[in-house]
């Protein structure tokens, strides 16, 4: 099932992506 | 041109709100409403939305997306320089990394609008000719691109804000 098929799944996917990218950003900036 | 950066930033915010506002309108309001209207056999159907609302909303949507990107790219280059596009790697500047990630998310979203959503919406709305099979495929592609943009808008907005105000949960 594709999470983007529902609004709930889309928003969860967005927040998960935000958390992952926040971690990546911290690694890139060496913090 | 630096004296006009305040105006550029203001226009960027205006276009950005218009773009993402319409993106949320499509995803939270229009798509579910059209599905409900199509399923309601005693109702007026979705034709009026498709004829009068969707083309106008898409007109503002795609040009707001372009305007947001152009004004944002200009502002970012003026403030952070080229290193923002390379995510500030080697600079140890959190703000440069944050704005760079936000800018790349916005760039992917702009690509989705002009390359995946708009050409397929033209088929769906009958602006260009398409068979029923082509319309069905176009619907799925446009839908997933639009939902991807809705998901990406969350980290995109977070990183845009983070450049000036920090991340909310670190």
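For residue B:96, the test of being facing chain A (nearest Cβ under 10 Å), more than 28 Å from residue B:28 (Cβ to Cβ) and surrounded by 18 or more Cβ atoms within 10 Å (Cβ to Cβ) is passed. Please go through region B:119-137 and give me each residue that is assigned to a loop (DSSP other than H, G, I, E, B) and closer than 19 Å to residue B:48 by Cβ, ordered by number. Listed by number, the residues that qualify are B:125, B:126, B:127.
Rundown of residues vs (1) more than 20 Å from residue B:68 (Cα to Cα); (2) at pLDDT below 95, yes/no style:
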site	(1), (2)
B:93	yes, yes
B:125	yes, yes
B:134	yes, no
B:140	yes, no
B:146	no, no
B:159	no, no
B:162	no, no
B:169	yes, yes
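The residue that is surrounded by the fewest Cβ atoms within 10 Å (Cβ to Cβ), counting only those in region B:138-151 that are in contact (Cβ under 8 Å) with a residue 12 or more places away in the chain and more than 7 Å from chain A (Cβ to nearest Cβ), is B:139. Only residues that are within 12 Å of another protein chain (Cβ to nearest Cβ) and surrounded by fewer than 18 Cβ atoms within 10 Å (Cβ to Cβ) were counted in region B:75-92, giving 5. Exactly one residue out of B:124, B:101, B:89, B:154 is within 26 Å of residue B:21 (Cα to Cα) and free of Cβ contacts under 8 Å to residues at least 12 places away in the same chain, and it is B:154. Residues of chain A that are at the interface with chain B (Cβ under 7 Å from one of its Cβ atoms) and under 8 Å from the mean Cα position of the chain (by Cα): A:13, A:14, A:15, A:17, A:18, A:21.
The values are calculated or read from the model by the stated rules, or taken from the named source; none is laboratory data. As the structure is a computational prediction, the values presented were derived from the model and not from experiment. Ideal geometry is used to build each Cβ from the backbone, glycine not excepted, and the neighbour counts take in all protein chains shown.
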